[in-house]
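**Q** Please see the structure below; I have some questions.
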Amino acid sequence: MHRATAIAHPNIAFIKYWGHADAALHLPANPSVSMVLDCLQTRTTVGFGALRGDEVVIDGVPASPAARVRVSEHLDRVRALAGIDLRARVRSESNFAAGAGLASSASAFAALTLAATVALGLDLSLEQLSALARLGSGSACRSIPDGFVEWTVQPDRSSTAHSIAPPEHWTLCDCIALVSTRHKEVSSIGGHEAAPSSPLHTARVRDATLQLPACRRAIEQRNLVALGRIAERDAVMMHAVAMTSAPPIYYWTAETMRVVRAVVEWRQAGLPVYYTIDAGPNVHCLCETAYGDEVQRRLASLPGVEQVLVACPGSGARLTDDHVS
Ligand code: DP6
């Protein structure tokens, strides 16, 4: 059996990917910027051999039919590239809850892409890996490179993510207030599809595209005030698009709003912290690492916050010999 194992982390976007320019190709409606989250991780082993079908086990449990199909379709892309028609045994483990707005599909498809390509003997560049991961899940392309990452679409419609700064560039941290780890009711796929039905979508896509250079500059200059303002505004706009889509999608809960209000109050009282929210109710709070303990402590004391995870800028997808059994 040809086997390889890869580790990848999810990422948090400061300018979000929400809505497609081309759904089949997972081309985003706007470019986006994110940070790889080091302490959350997915480890995936892929072995190809003489099997009757693809076997997919996630966190020790056979994958749901829908998840298995999504993984198999991605493996088909890798098999087609390698010109090898073997079925695969996939074993994947994450140290965080899937489907709760913690970008589990990003780390999952980044790790799957690297492990599957290496197991079939392909030697792809970072750009090629990122473009391939994108076809599994859009945001996965941003979990292939290191640290702070930008995902763009070129005029010829090629689309990959690249690193704009390494993890050690900035001691930023993301204190993630978990208000629910329940599987979200509407997947981000549904959200991307519904986005154009919102009258706010075109305005957000235009604004996100215009804000991109300022977001990149804020990262380059380690300017939290500038980054925080851009990230908060784009997160609220993304959720405004979701809430005004047909049918509307409400990811926020009362607990989400409680954390948002607290972050704004703390900031007004002098604590430099900003928030962003992915396709779920949990709130990502961005601050310098020096304030990480204080932000974590305050978040943990809020009613409705079940747990606080703290993540720093992390590395991109990489191989390991520590296989998932
Ligand atoms: C809100 O990458 O999960 O996290 O391409 O359908 O797999 P698919 O969507 P996905 O969408 C992520 C949406 C987001 C924003 C972001 O990470 O940019």
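**Q** With springs connecting C-alpha atoms under 10 Å apart, model the chain as a Gaussian network and identify which of ASP85, ASP234, ASP278 has the largest mean-square fluctuation.
**A** Judging by the Gaussian network model, the answer is ASP85.
**Q** Rounded to whole Hz and in sequence order, give me ³J(HN,Hα) for region 314-325 from the Karplus expression 6.51 cos²θ - 1.76 cosθ + 1.60, θ = phi - 60°, writing x for Gly and Pro.
**A** These are the phi-based 3J(HN,Hα) values: x, 7, x, 5, 8, 8, 9, 8, 7, 6, 7, 8 Hz.
**Q** At 222 nm, what helix-only mean residue ellipticity would the chain give, in deg cm²/dmol to the nearest 500, using -39500 (n - 2.57) for each DSSP H run of four or more?
**A** Working: 8 runs with 116 residues, N = 325.
Result for the chain: -11500 deg cm²/dmol, rounded to the nearest 500.
**Q** Suppose R0 equals 45 Å. What FRET efficiency, 1/(1 + (r/R0)^6) with r the Cβ-Cβ distance, do MET243 and SER64 give to the nearest 0.05? List each step's numbers first, then the result.
**A** Working: r = 28 Å, r/R0 = 0.61.
After rounding, the FRET efficiency stands at 0.95.
**Q** Also, I was wondering about something else. Determine the sum of side-chain charges near GLY136: Lys and Arg each +1, Asp and Glu each -1, restricted to other residues whose C-beta is under 14 angstrom from that of GLY136. Walk me through the numbers on the way to the answer.
**A** Working: positive: ARG68, ARG70, ARG77, ARG79, ARG134, ARG142; negative: ASP54, GLU73, ASP76.
Combined, the nearby Lys, Arg, Asp and Glu give +3.
**Q** Using alpha-carbon pairs under 8 Å, 6+ residues apart, how would you state the relative contact order of region 2-167 in percent? Numbers along the way, then the final one.
**A** On the way: 381 pairs, mean separation 47.1, N = 166.
Averaging sequence separation for qualifying contacts and normalising by length gives 28 percent for region 2-167.
**Q** For THR253 and ALA80 in the same chain, what is the full-extension length gain: residue separation times 0.36 nm, less their Cα-Cα distance, in nm?
**A** 58.0 nm
**Q** Whole number in Å², please: accessible area per residue of the chain, 1.4 Å probe, ligands, DNA and RNA not counted.
**A** Values: 13490 Å² over 325 residues.
Roughly 42 Å² per residue, with all protein chains present.
**Q** Here is a follow-up. Only Cα pairs under 8 Å and at least 6 apart count here; give the relative contact order of the chain as a rounded whole percent.
**A** The value is 27 percent.
**Q** While we're on this one: Give the calculated FRET efficiency between VAL264 and HIS169 to the nearest 0.05, with a Förster radius of 30 Å applied to their Cβ-Cβ distance. Mind showing how you got there, number by number?
**A** Working: r = 27 Å, r/R0 = 0.90.
Taking R0 as 30 Å, the efficiency between VAL264 and HIS169 is 0.65.
**Q** I'd like the Karplus ³J(HN,Hα) series for region 54-70: coefficients 6.51, -1.76, 1.60, θ = phi - 60°, whole numbers in Hz, and an x wherever there's a Gly or Pro.
**A** These are the phi-based 3J(HN,Hα) values: 6, 10, 10, 10, 10, 6, x, 10, x, 5, 5, x, 5, 5, 5, 5, 5 Hz.
**Q** Right, another one. Would you please give the residues with an amide H less than 5 Å from that of ILE249, counting only those at least 5 places away or on a separate chain, with H modeled from the backbone geometry?
**A** Amide H to amide H, under 5 Å and 5 or more residues apart or across chains, ILE249 pairs with MET243, THR244.
**Q** Provide the packing ranking of 173-180, 126-133, 59-66, 268-275, i.e. peptides ordered by the mean count of other C-beta atoms within 10 Å per residue, highest first. If you can, show how the numbers build up before the last one.
**A** Working: 173-180: 24.5, 126-133: 21.9, 59-66: 11.1, 268-275: 14.5.
Packing proxy ranking, top to bottom: 173-180, 126-133, 268-275, 59-66.
**Q** How high is the relative contact order of region 168-311, in percent, with contacts defined as C-alpha pairs under 8 Å that are six or more residues apart? Each step should come with its number before you reach the end.
**A** Working: 206 pairs, mean separation 60.5, N = 144.
Result for region 168-311 is 42 percent.
**Q** How much net charge surrounds SER64 when only the other residues with a Cβ under 14 Å from the Cβ of SER64 are counted, with Lys and Arg +1 and Asp and Glu -1? Provide the component values of the computation, followed by the final result.
**A** On the way: positive: ARG68, ARG70; negative: ASP54, GLU55, ASP59.
Net charge around SER64: -1.
**Q** Return the sequence-ordered ³J(HN,Hα) values of region 151-160 in whole Hz as given by the Karplus equation 6.51 cos²θ - 1.76 cosθ + 1.60 applied to θ = phi - 60°, using x for Gly and Pro.
**A** Listing the rounded values in order: 10, 10, 10, 8, x, 7, 6, 6, 8, 9 Hz.
**Q** If you don't mind, there's one more thing I want to ask. Once you list every other residue whose beta carbon is under 11 Å from the beta carbon of PRO313, what net charge do they have if Lys and Arg are +1 and Asp and Glu are -1?
**A** Working: positive: none; negative: ASP38, ASP146, GLU168, ASP174.
Value of the local net charge: -4.
**Q** Starting from the Cα-Cα distance between GLU288 and LEU126, subtract it from 0.36 nm times their residue separation and give me the gain in nm to one decimal.
**A** Numbers: separation 162, 0.36 × 162 = 58.32 nm, distance 2.87 nm.
So the extension gain works out to 55.4 nm.
**Q** Still on this structure: Within region 275-325, what whole-number % of the accessible surface is contributed by carbon and sulfur, with the 1.4 Å probe and all protein chains included in the calculation? Write down the numbers at each step before the final one.
**A** On the way: 1030 of 2260 Å².
Roughly 46 percent, rounded to a whole number.
The values are calculated or read from the model by the stated rules, or taken from the named source; none is laboratory data. Note that the structure is predicted; figures quoted are calculated from it, not measured. Ideal geometry is used to build each Cβ from the backbone, glycine not excepted, and the neighbour counts take in all protein chains shown. These area figures cover heavy atoms from the full protein model, side chains too; ligands, DNA and RNA do not enter into them. Shrake-Rupley method; radii C 1.70, N 1.55, O 1.52, S 1.80 Å.
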